[in-house]
Each structure stands twice: as C-alpha cells, then as structure tokens.
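To keep things clear, I will list the structure first and then write my remarks on it.
The values are calculated or read from the model by the stated rules, or taken from the named source; none is laboratory data. Because the structure is predicted, anything quoted here is derived from the model rather than measured. For neighbour counting, all protein chains shown are included, and Cβ atoms are generated from backbone atoms with ideal geometry for every residue, glycine included. Quick note on the areas: whole protein, heavy atoms, side chains included, nothing else; ligands and nucleic acids left out. Shrake-Rupley method; radii C 1.70, N 1.55, O 1.52, S 1.80 Å.
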Amino acid sequence: MKRLATTAIVIAIAAAIVAAVLLLDRGVRNAASVAAPGASPGASIAHGAAMAAAGTAVPVATADPRRVREIFKAPWGNKLGELGRDLPGEGSPQGPMSFVVDASGQAYVLDQVNSRLQIFKPGQPPRAIPLANDGYQDIALTSRDEVALLDRLVTKSVDFVDDRGQVRSSVPLAGEGIEETGSVTAMFAQDDGIWVEVQHSRLVRVASADGKPDPERPTVIGRFSYDGTLLLTAAVDGDNAAVVITKPVTDPLSPAGTLLARVPFAQRLSHLLALDSDLTGRIFLGAYLIQPKDDGSGEVIAFEQVVVLGRDGRELGRIALPPHTGPEETFRRIAVDSDGTVYQLGLDESGATLRGFSP
Amino acid sequence: MKKIATATMALLVTSSLLATPEYMTRDQIIQYGKWAKGYSYWWGGSRFRDDHTQLGSCSGSCPSCSHCPSSARNGSCNNSLGEYGGDCSGLVCKAWQVPSPVALTTNSHPYSTYHFRNNTTHWSRLSSWGNAKKGDAFVYNYDGHGHIVLYEKGDPWGLPYVYECKGCSPGCVYNQKDITSSYIAIRRVKITEGSTAPSTGKMMGAVYLNKDNDDMSERLPGATVTASGGGSTTAREGDALWSFTLNAGTYTFTAALSGYESASRSCTVVADGEVWCSIGLTPSCTPDCSGRECGADPVCGKSCGTCTGIETCSSSGQCECVADCSGRACGPDPVCGLSCGSCGDGEQCSASGQCECQPQCGDQMCGLDPVCGQSCGECGDGSVCNGTQCVCAPQCGGRVCGLDPVCGQSCGACGEGLLCDGSGRCVDPASCSAQCEGRVCGLDPACGKSCGLCSAELACDAAGQCVAIDPSQGKLYGYVVALAEPGDQAEMKAASKRISQARVMLDDGTSAVADENGYFELLVTPQQWTLIASAAGYADGEATCQATAGAATECYVAVYPALKGTSAPEKAAVGWHSGCAAIEPAPGAFPLGLALLALLRRRR
C-alpha cells in the first residue's frame with residue numbers, strides 16, 4: 001500500500017513538473033539552461049512560469065528566462081540553510097508557514113518547525129533568528145525594520161521580535177473585531193500599524209507601528225492596495241470563477257464596492273491563494289484549482305494560477321505555477337512585490353524553493 | 001507504545017465492523033468539534049468534556065504542550081488538568097460517533113487516519129472536496145503520516161474552517177486552514193439533513209473505452225446509462241460523466257453506445273453520499289463465421305455455434321466426431337462409427353476391432369472351416385452337425401427298430417425273423433397278433449401286419465377299407481425288394497426277397513410303410529414320382545414311376561445291402577437309384593428330416 005501511495009505521489013509530482021515544463025516549453029525553452037539570478041549552487045532550474053490570456057495559462061516570459069528566477073532552494077532539515085518540515089503520524093503536517101521578501105531582495109522565511117526565522121539573501125549564506133515559539137504562522141516586516149510574527153493558535157498574539165529573536169512586544173489578537181483568532185487569515189504591516197485580516201474580508205488594526213496594542217482596533221472592509229488608495233476584496237463565485245471588488249479607501253466600512261472583474265477558470269476553483277497589487281496598480285489573484293479524478297478515489301488534481309488584472313479589471317494574463325500537492329499546511333506561499341514580481345514558495349519532497357515570476 | 005496503540009486500534013476496528021452508527025445532524029457533529037476545541041493534543045486519545053474544564057495535561061508525547069504550566073513542560077507535566085484531549089483522528093471518531101455512540105468523556109479511538117483515508121466503513125468518499133459540507137472531513141494518510149480535520153464551512157475565499165487536533169503546541173483548535181490535493185473529503189453515513197433522515201444518494205461515473213486495464217482515459221460521451229428500476233441519462237460531452245440521484249440501495253447500471261457492447265455494473269447508492277460507478281465499454285465486433293459452424297470466430301472471438309451430441313468442435317471450427325480407435329485395428333469405432341482400419345486378404349474384423357483369420361465356410365453350415373479352424377455355425381434344435389451340414393437329428397426315443405418319426409432314419413433293425421411293430425419294438429411275428437378289427441386292408445396298428453390287400457383297381461383308405469381310386473389321384477403300389485445291385489422293374493418284380501416294414505417316401509414327403517410282406521401303396525397326384533425306400537440294414541434305393549389319374553400303377557422299389565463300416569453319409573452316398581430322374585421338390589414343402597434327406601439326394 002505504501003509503495004502504491006509513494007508511486008502515486010511520485011507520478012503526481014512528475015505530472016505536475018511535466019505539465020509546468022510543457023507550459024514553459026511553449027515559449028521559455030531556453031529557461032532550463034539559464035541559472036536564475038541568486039540561485040544557490042546546485043539549485044535546480046526554475047520551471048513553471050507561464051502567463052496567458054483569460055481562462056488559459058500560457059507562457060509568461062516567452063524567450064526571456066530572466067522572468068523566472070530561483071531565489072533559493074533549501075532542503076528539508078534543521079541545519080542552517082535547511083527548512084523544517086513536520087509530518088506527524090496523527091497530526092497536522094506543516095512546512096514553512098510564510099515568507100516575505102524585502103525591498104533589497106532578502107527573503108525572510110518563517111521556519112517555525114525549527115523555531116526560527118531564516119533569511120536568504122542572494123549571494124550570501126543564509127542566517128537565522130531563533131524564535132521561542134513554534135506556533136507562528138505569518139510574518140510581516142514593519143516600517144521600523146522589525147519583524148512582526150502572527151501566532152493565531154498558541155499564544156494568539158502578534159509578536160514583535162528583534163534581530164536576535166527576542167520578543168520586544170506582544171500584542172494579543174483576541175479583542176474587538178476578532179472573536180476567534182483561528183479566523184485570522186493574514187497579517188499586513190502598514191505605516192500606521194499592524195493589521196490582521198479576518199475571514200478574508202476585513203482588516204483589524206491590532207498594533208501600532210511601534211508594536212503597542214492598538215486600543216481602537218479600527219476595522220476596514222477589504223485589504224489595502226499597494227498604493228493605499230483602494231481596498232480590495234475577492235470571493236469565490238460559483239464553482240469556476242472568482243470576483244474582485246474594489247472600493248476607495250476613503251470608504252473603509254462600506255460593504256459595497258465596484259465589481260472590478262469576474263475571473264473565470266477552466267477548472268473548479270477550490271480556493272483563492274492571494275490577492276495583491278503592485279506599484280502600477282495591477283492586481284494579482286492567486287487561485288488553487290482542482291479537477292476531480294474520475295476513478296472514484298475522491299482524489300483531485302491540483303493547479304495553481306495567478307491571474308493578473310489591470311487597474312481597470314481587464315485581464316492581462318495568467319501565470320501557471322507548480323501546484324502544492326504535498327500535505328504540508330502553509331499560511332502564505334504566494335506574495336507579490338512592488339514591481340509585480342510574483343514569489344512562490346514551492347514545496348516538494350526534496351525541500352522548499354522560492355521562485356520569482358515577472359509577468 | 002505505538003505498537004500497542006496500533007494493535008488496540010485494530011481490535012477496535014475489527015469489532016466496530018459489527019457496530020452501527022446512529023443518525024446525526026451536521027450541527028451535532030460540529031458540536032463535538034466545539035467541545036474539543038481548546039483541549040490538549042493527545043496522540044492515540046479521544047476524551048473531552050463539555051464544560052471546558054480540565055483541558056488536558058499533555059498526556060502522551062507532547063513535551064511542548066501548551067496546556068501544561070510552563071514550569072512543568074518538557075515531559076514532566078503533571079496531571080492536574082486531567083487526562084483529556086485527543087489527536088486528529090480521535091477527534092473525528094468522537095465527532096462522528098463511529099462506529100457507534102460513545103460518551104464525550106470516554107476515551108475511545110477506533111479509527112486512525114489510515115482507516116479514514118483507505119476504508120469506507122461508516123463513511124464514503126466525496127467525488128471532489130469542493131462538495132464538502134459541514135460535518136464532513138478532509139483526510140490524508142501517506143507513508144505512515146496522516147491528518148484529518150472536521151470541516152465546518154468555507155470562507156469567502158473558499159478556504160475551509162475546520163476543527164482539528166493539530167499538534168502538541170496548538171492542541172485542538174478551530175481555524176482557517178490550507179488544504180491541498182493530498183487530502184480527500186469523506187462524509188459520515190447516516191447524516192440527517194435538517195429533521196429528515198436522508199434516503200437518497202448520488203451515483204456517478206464515467207463511460208470509457210475498456211482496455212482491460214486501469215486506463216480510463218478514452219471517454220465515450222453520448223452513451224446511454226440506465227439504472228435498474230427505471231431512469232436513464234446520457235454521458236455528457238467531453239468527459240462522459242453521468243450521474244443519478246437515487247434512493248439508497250443497490251442498482252445495476254448499464255451503459256450502451258452504438259458500436260460498443262453494452263456493459264453493466266452493480267453499485268450501491270449510499271444515502272447522502274456520492275459513489276462512483278464508472279463503466280467500461282468494448283467495441284462491438286462483427287464475427288466472421290464463414291466456413292465455421294462452431295467455436296470462436298477469429299475476428300471477435302464470438303461463438304459461431306456449438307456442437308451437439310457426440311460431436312466436438314475442431315480447431316477449424318467444424319463439428320466433428322472424434323473416433324475412439326484405441327485398441328482397435330479395424331472396423332467402426334464405438335463412438336462415431338468411423339473406420340478404424342481394414343484387414344488384409346483372408347482376414348476379417350472381429351467385433352472387438354481385431355483382424356482375424358476369415359473362415360472359408362462356403363456351403364458349410366456347421367463344423368470347423370478348413371482354413372481357420374473356426375466354426376461355420378451352429379445347428380438348431382432337432383438337428384446335428386454331420387461335419388459340415390446340419391442334418392435332422394433322429395429321435396428314436398424308446399424305438400429300437402424302424403424309422404424315427406422325425407427324420408425317418410433308422411432306429412435299428414430287428415433280428416432275423418423278428419418284426420418291427422409300429423412302436424419301434426422288435427416282435428416275433430408269430431406272437432404279435434394283428435388287430436385288424438373292421439379293416440380289410442392296410443396295416444394293423446398293433447403289429448404293422450397286413451390286414452389284407454385291395455384289388456388293383458381299388459385303393460385302401462385310412463380306415464382300412466377298399467375304395468375306388470379317386471379320379472383325381474393315381475395309385476402307386478408295389479413291393480420293396482432287396483437287390484444285390486440296381487435293376488429295373490422287371491428285375492425287382494423278379495426279386496425273391498421282399499423287405500417288411502420298409503418305408504417308402506415320395507419326394508414330396510409323403511411316405512408309407514410296407515407291411516410284413518414288403519407291400520405298400522400310395523395315393524398321389526397323377527404325375528411322375530420318385531419313390532425312395534429305406535429299410536434297416538439296407539442302403540436306400542429309389543424308383544421313378546408315373547401315377548395315372550383314377551388308375552393304379554405298379555411300382556417296385558429296391559433296397560440294397562448296406563456296406564459294413566460306412567458312416568451315415570457314406571451310407572447315403574452309396575444308395576442306389578433306378579427309374580426316372582428325380583423331381584426337384586418345392587422348398588419348405590417337406591418336414592425337416594425329409595427335406596434334409598431330399599437335399600442329400602439332390603447333392604449327390
């Protein structure tokens with residue numbers, strides 16, 4: 001039985017890679033032979049980037065391999081440069097829960113399994129910041145160059161740690177606007193403080209920029225656009241589509257908004273993975289798509305896409321990403337930089353790989 | 001520890017096959033998740049409280065359990081918070097109350113993620129986890145690792161909110177969770193939707209080209225799928241999927257499509273569940289039975305017919321009887337009647353199929369043939385084999401003289417001066433008194449003596465009376481005499497020795513016995529007759545005479561002294577003949593003995 005399961009997973013992974021390579025092969029044939037900037041020695045080549053017209057993912061970067069970059073590749077383990085993965089016998093499997101890339105290109109990876117934060121900077125060896133808590137699930141970099149860590153379930157707090165891992169301050173999550181800490185779905189660092197998202201629909205500011213509890217805990221409907229002018233919300237619309245709704249940030253509490261786009265998908269939309277924007281106003285919608293197998297096993301085939309929308313809602317293209325098919329729980333594995341680079345922390349049997357895709 | 005727990009779990013699973021869960025609402029299932037929230041993670045355990053006190057003391061292998069006082073963590077947690085909590089599968093076992101109801105506070109853990117992932121004991125798999133409802137579960141299990149969560153709802157992004165016993169640090173929690181394709185969705189049986197127990201379920205599947213393997217990739221859209229008990233649908237375009245919503249129970253689903261052989265499967269609809277029942281079709285085929293009457297056609301492998309009776313189908317598709325010539329060299333085989341071979345010259349095939357010497361019997365009726373020494377036949381009752389022929393078997397009984405009444409052969413001769421009476425006894429003529437009462441002619445019945453002679457123009461009737469000769473007949477009369485060698489009538493009339501008690505026989509079987517003086521007479525149809533005389537101690541003789549209508553013809557017959565030491569055939573062979581040529585008798589006209597005698601005469 002185990003052999004069968006192993007074989008099935010190997011086949012699934014192989015199929016995913018083949019699918020991604022095929023997509024890439026439609027226009028990025030040379031990408032396989034070009035080392036991505038910042039790739040660590042021996043790192044595998046980047047694959048899986050594609051961008052397309054509405055509905056179908058096609059290659060994103062045609063003949064320009066620079067549009068697919070491998071930031072780092074870390075094997076599973078607990079040594080420096082390795083990332084922790086926990087697959088318990090009867091418990092929740094987990095890999096690195098979240099990551100963030102700063103303006104200098106440093107990637108902060110929440111290696112909570114090893115109770116640490118690892119920082120990967122292109123061209124330099126990784127470094128680690130030890131953490132006292134293995135229950136963190138999200139990370140944000142504050143305007144004061146501090147690290148804010150979200151723990152929804154154990155300490156149920158947002159902790160601010162310094163570069164040695166010491167918790168400088170801890171702000172409780174529960175309170176006004178957040179009755180159930182498990183319903184927190186994201187954390188964002190804004191100039192005015194730390195906002196946490198509840199049920200993918202509203203933001204609650206829980207802490208000030210200096211890490212103190214926000215006594216007011218203001219709420220807005222949606223999440224901020226990069227330029228701070230809009231509030232974005234997204235929702236699944238039926239089995240095969242999602243909608244993106246915007247409204248001006250000046251109307252933070254109104255549930256009403258403007259339907260910017262209805263995004264169809266060829267496969268069933270299981271859930272959304274990301275809703276982000278860049279400096280130019282482009283909106284990025286990440287989606288996890290599934291296609292049930294017809295063999296009665298109840299298993300599904302997974303796909304991941306990022307749909308790129310213009311400010312006006314017009315679809316600019318799609319990026320097909322290698323889907324996460326392992327069991328590991330993650331909290332954030334797709335993020336978008338100010339220039340529109342889409343980062344994906346991909347997990348497989350060998351380890352974790354952070355790639356950047358430039359649309 | 002893990003082995004003990006696994007064994008215990010296996011026993012519980014085995015016993016649980018006999019148990020039955022009760023109906024639950026989805027809210028009831030979720031309530032168990034709510035009760036479990038906040039409790040410790042306890043590997044192999046499942047024990048909670050509804051008052052949220054005693055949240056567990058990190059029983060088992062959780063050194064970093066969040067419920068222990070920080071001073072007591074890292075393996076030395078005391079039991080002040082009680083032995084409560086559970087692991088992921090323990091929570092779902094409890095929430096689903098499978099295999100049967102169990103108290104929230106009772107530690108019971110009958111199923112692991114392996115069972116939830118791989119079995120369908122009291123739950124079914126959903127075709128896609130996009131169809132999950134409150135109270136369903138998502139499970140994965142692979143390579144010794146597994147996890148299961150209790151689904152409550154999805155958020156606007158479609159991400160699930162679940163109850164789960166996550167691990168040592170968080171314990172049992174309620175949270176939004178990332179689910180990947182490693183998981184499948186499963187649904188407990190016997191879920192009551194609202195206040196009504198569900199009775200229907202979904203049966204679905206694909207119609208595909210059957211390649212006799214697991215390959216279902218070639219779909220056959222447009223196929224008609226029917227369910228036993230009524231209802232049909234069409235496999236949709238593209239992936240050829242079909243579905244029915246039916247009352248729970250077992251149905252036969254049949255798929256049919258032009259150009260393909262119809263196929264059926266029996267599948268069971270589970271109440272409030274989705275069950276797959278894909279059906280593979282094979283292309284229909286036109287058999288080529290040309291030149292074949294049986295067996296499989298070479299194109300489709302379909303039957304071209306079957307053979308009946310003793311015939312079997314040959315490799316070329318012909319019904320044939322397979323001969324059984326084992327142990328046989330010739331003749332027909334006992335199964336089909338076909339030849340097992342032929343024999344050479346001078347041989348014949350026996351009943352057992354062996355070539356044997358062929359007897360050369362010719363006209364030989366009995367005895368051994370001269371070539372093979374085999375029997376040429378057996379004689380019937382009343383006859384004996386004289387070496388080559390069946391002859392009448394004399395039946396003398398108590399007779400010691402005269403002729404036997406069957407064959408007319410001699411039963412012996414009386415001594416000189418003795419008379420053979422009518423019973424075949426030798427009597428002294430002097431002592432035997434003729435008993436001719438009322439008779440004037442013919443023989444007396446006691447001694448066979450003459451009662452008198454009629455005049456030539458009269459005939460002696462059966463009553464011993466002299467009567468006129470019937471005009472339609474003629475009378476032949478005369479004496480049996482003994483001659484040393486053949487002679488004519490005159491010589492016979494001149495013979496001095498007349499033979500008493502001799503038998504005179506015509507070639508039609510009619511006979512008369514001569515009296516003590518050798519006299520005889522016969523009434524016959526007017527024609528020429530051959531008269532044969534036989535007497536004990538003499539060789540037969542014969543004479544040919546013409547009978548005239550209404551008149552008497554004198555006709556003597558002579559017998560001749562028998563040769564000593566000769567056999568019966570030889571005696572016959574040396575008989576003498578006089579008069580006209582013999583007349584051919586009509587077949588079957590004689591009594592057997594006389595006919596044989598006549599035959600002997602003819603062959604001679």
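Things worth noting here:
- Region A:255-268 residues that are away from every other protein chain (no Cβ under 14 Å) and within 10 Å of A:Arg314 (Cα to Cα), paired with ones that are open to solvent by less than 60 Å² (accessible area, probe 1.4 Å) and polar (S, T, N, Q) (beta carbon under 9 Å, 6 or more apart): A:Leu260/A:Thr246
- Qualifying residues in region A:309-337 (those that are among the hydrophobic types (A, V, I, L, M, F, W, C), at pLDDT below 95 and out of contact with any helix residue (DSSP H, G or I) (no Cβ under 6 Å at 6 or more places or on another chain)) - the one surrounded by the fewest Cβ atoms within 10 Å (Cβ to Cβ): A:Leu316
- Verdict on B:Lys166 being open to solvent by less than 10 Å² (accessible area, probe 1.4 Å), touching a residue at least 24 places away in the same chain (Cβ under 8 Å), within 12 Å of chain A (Cβ to nearest Cβ) and of a type outside the set (Val, Ile, Thr): no
- Restricting attention to region B:149-173, the residues that are small (Gly, Ala, Ser) and in a loop (DSSP other than H, G, I, E, B) total 2.
- Residue match in region A:175-198 (condition: more than 11 Å from chain B (Cβ to nearest Cβ), touching a helix residue (DSSP H, G or I) at 6+ places or on another chain (Cβ under 6 Å) and not aromatic (Phe, Trp, Tyr)): no
- With respect to (1) open to solvent by 20 Å² or more (accessible area, probe 1.4 Å); (2) modelled with pLDDT of 85 or more; (3) more than 24 Å from A:Leu153 (Cβ to Cβ), the lone exception for B:Ala227 is condition (1).
- Any hit, region A:284-292, residues being in contact with a Gly (Cβ under 9 Å, 6 or more places away or on another chain) and under 20 Å from A:Ile194 (Cα atoms): no
- Count of region A:269-306 residues which are within 14 Å of chain B (Cβ to nearest Cβ) and β-branched (Val, Ile, Thr): 3
- Filter result for B:Gly397 (buried (at least 20 other Cβ atoms within 10 Å of the Cβ), out of contact with any helix residue (DSSP H, G or I) (no Cβ under 9 Å at 6 or more places or on another chain) and in contact (Cβ under 8 Å) with a residue 12 or more places away in the chain): no
- Taking region A:81-114 as the range and being more than 10 Å from every other protein chain (Cβ to nearest Cβ), among the aliphatic types (A, V, I, L, M) and touching a strand residue (DSSP E or B) at 6+ places or on another chain (Cβ under 6 Å) as the test, the residues that pass are A:Leu83, A:Val100, A:Val101, A:Ala107, A:Val109, A:Leu110, A:Val113.
- Long-range neighbours under 7 Å by Cβ, at least six apart or interchain, first residue at pLDDT 90 or above within region B:327-352, second among the acidic types (Asp, Glu) and in a loop (DSSP other than H, G, I, E, B): B:Cys340/B:Asp333
- In region B:283-339, the residue that is farthest from B:Val207 (Cα to Cα) out of those that are assigned to a loop (DSSP other than H, G, I, E, B) and aliphatic (A, V, I, L, M) is B:Ala329.
- Counting the residues of region B:110-130 that are within 15 Å of B:Tyr151 (Cα to Cα) and part of a loop (DSSP other than H, G, I, E, B) gives 2.
- Every condition in (1) within 11 Å of another protein chain (Cβ to nearest Cβ); (2) open to solvent by 20 Å² or more (accessible area, probe 1.4 Å) holds for B:Glu193 except the one numbered (1).
- Exactly one residue among B:Glu437, B:Glu378, B:Glu457 is open to solvent by 70 Å² or more (accessible area, probe 1.4 Å) and touching a residue at least 24 places away in the same chain (Cβ under 8 Å), and that residue is B:Glu457.
- Residues located in region B:169-189, provided they are more than 7 Å from chain A (Cβ to nearest Cβ) and open to solvent by 10 Å² or more (accessible area, probe 1.4 Å): B:Arg187, B:Val189
- Residue in region B:201-241 that is nearest to B:Thr268 (Cα to Cα), counting only those that are polar (S, T, N, Q) and either within 12 Å of chain A (Cβ to nearest Cβ) or outside any loop (DSSP other than H, G, I, E, B) (or both): B:Thr226
- Checked against the criterion of being of a type in the set (Ser, Thr, Tyr) and at positive phi, the candidates A:Ser98, A:Ser115, A:Ser92, A:Ser104 yield just one match: A:Ser115.
- Qualifying positions in region B:111-127 - more than 7 Å from chain A (Cβ to nearest Cβ) and under 22 Å from B:Asp87 (Cβ atoms): B:Tyr111, B:Tyr114, B:His115, B:Phe116, B:Arg117, B:Asn118, B:Asn119, B:Thr120, B:Thr121, B:His122, B:Trp123
- Any hit, region A:213-223, residues being touching a residue at least 24 places away in the same chain (Cβ under 8 Å), over 20 Å from the mean Cα position of the chain (by Cα) and within 14 Å of chain B (Cβ to nearest Cβ): yes
- Comparison of B:Gly249, B:Gly222, B:Gly295, B:Gly273 shows that the only residue that is buried (at least 20 other Cβ atoms within 10 Å of the Cβ) and on the phi > 0 side of the Ramachandran plot is B:Gly295.
- In region B:82-96, residue modelled with the highest pLDDT [restricted to those that are assigned to a loop (DSSP other than H, G, I, E, B) and surrounded by 22 or more Cβ atoms within 10 Å (Cβ to Cβ)]: B:Asp87
- Across region B:128-147, the number of residues qualifying as open to solvent by less than 10 Å² (accessible area, probe 1.4 Å) and within 13 Å of chain A (Cβ to nearest Cβ) comes to 8.
- Looking across region A:303-345, just one residue is small (Gly, Ala, Ser) and without any contact (Cβ under 8 Å) to a residue 60 or more places away in the chain, and that is A:Gly310.
- None of B:Ser232, B:Ser266 is open to solvent by 70 Å² or more (accessible area, probe 1.4 Å), under 30 Å from B:Ile191 (Cβ atoms) and free of Cβ contacts under 8 Å to residues at least 12 places away in the same chain except B:Ser232.
- Subset of region A:76-128 that is among the hydroxyl-bearing types (Ser, Thr, Tyr) and open to solvent by less than 40 Å² (accessible area, probe 1.4 Å) - its residue that is farthest from B:Phe116 (Cα to Cα): A:Tyr108
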